[in-house]
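Novice: This is the structure I have questions about; it appears just below.
What follows is calculated from the coordinates using simple rules that are stated; it is not laboratory data. Note that this is a predicted model, so its numbers are computed, not measured. Every residue, glycine among them, receives a Cβ derived from its backbone with ideal geometry; neighbour counts consider all protein chains shown.
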């Protein structure tokens, strides 16, 4: 029993000393807070607000918003630009997928259907790749 108590105390000490907890997202009812950044969903987009500098950013994905807030804390401008680019790529390719689906459903030309299916597959792959890279930005500091 003493081993368990000691292990719990050791684990508690490690958690209390961890600096990663400062950047852990705290989820409230309709928002996420990471230190002094507030993330809210507004009309299908996500708003990232720096409450200290009173600066506001918009992202298309929640993962993009969380990654943006975390990297803005480290003030790495290159990574912030890359996160914005990835988020915009996801938005573009999701809109492309809607268009390709519509074309596939409404065209009778088999060649055009085949081309649209190929483009749809490529856009889906681009979305998956961008999402994975955004997740890497989120989880790299944990």
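Novice: Just 78, 46, 37 to compare: in a GNM of the chain, with alpha carbon springs under 10 Å, which one fluctuates most?
Specialist: 78
Novice: Let me ask something additional. Report the relative contact order of the chain, percent, no decimals, based on alpha-carbon pairs under 8 angstrom and at least 6 residues apart. Let's see the in-between values first.
Specialist: Values: 152 pairs, mean separation 24.1, N = 142.
Computed over the chain, the figure is 17 percent.
Novice: Compute the angle between helix 62-74 and the longest alpha-carbon principal axis of the chain, please, reported from 0 to 90 degrees and rounded to the nearest 10.
Specialist: 50
Novice: Running a GNM on the chain with Cα contacts under 10 Å, which residue among 38, 86, 73 ends up with the highest mean-square fluctuation?
Specialist: Result: 73 has the largest fluctuation of those listed.
Novice: While we're here: Which of 115, 66, 84 moves most in a GNM of the chain, Cα contacts under 10 Å?
Specialist: So, out of 115, 66, 84, the one fluctuating most is 115.
Novice: Once the piece of chain linking residue 104 and residue 41 is laid out straight, how much longer is it, given 0.36 nm per residue of separation minus the C-alpha distance between them? Mind dumping the intermediate values first?
Specialist: Working: separation 63, 0.36 × 63 = 22.68 nm, distance 3.16 nm.
Value of the extension gain: 19.5 nm.
Novice: Each label point is 7 Å from the Cα along the Cα-to-Cβ direction; what then is the distance between the points at residue 81 and residue 52, in nm?
Specialist: My value for the distance between the label points is 2.3 nm.
Novice: Say each of residue 124 and residue 26 gets a label point 7 Å from the Cα, pointing the same way as Cα to Cβ; how far apart are those two points in nm?
Specialist: So the label points at residue 124 and residue 26 sit 4.1 nm apart.
Novice: State the Cα centre-to-centre distance between the range 76-101 and the range 48-74 in whole Å.
Specialist: Each part reduced to its Cα centre gives a spacing of 15 Å.
Novice: Still on this structure, please answer the following. How would you classify the range 2-139 from its alpha-carbon gyration tensor, with a ≥ b ≥ c the square roots of the eigenvalues: rounded for a/c under 1.5, else prolate if a/b is greater than b/c, otherwise oblate?
Specialist: Numbers: a/c = 3.02, a/b = 2.05, b/c = 1.47.
Note, shape of the range 2-139 comes out prolate.
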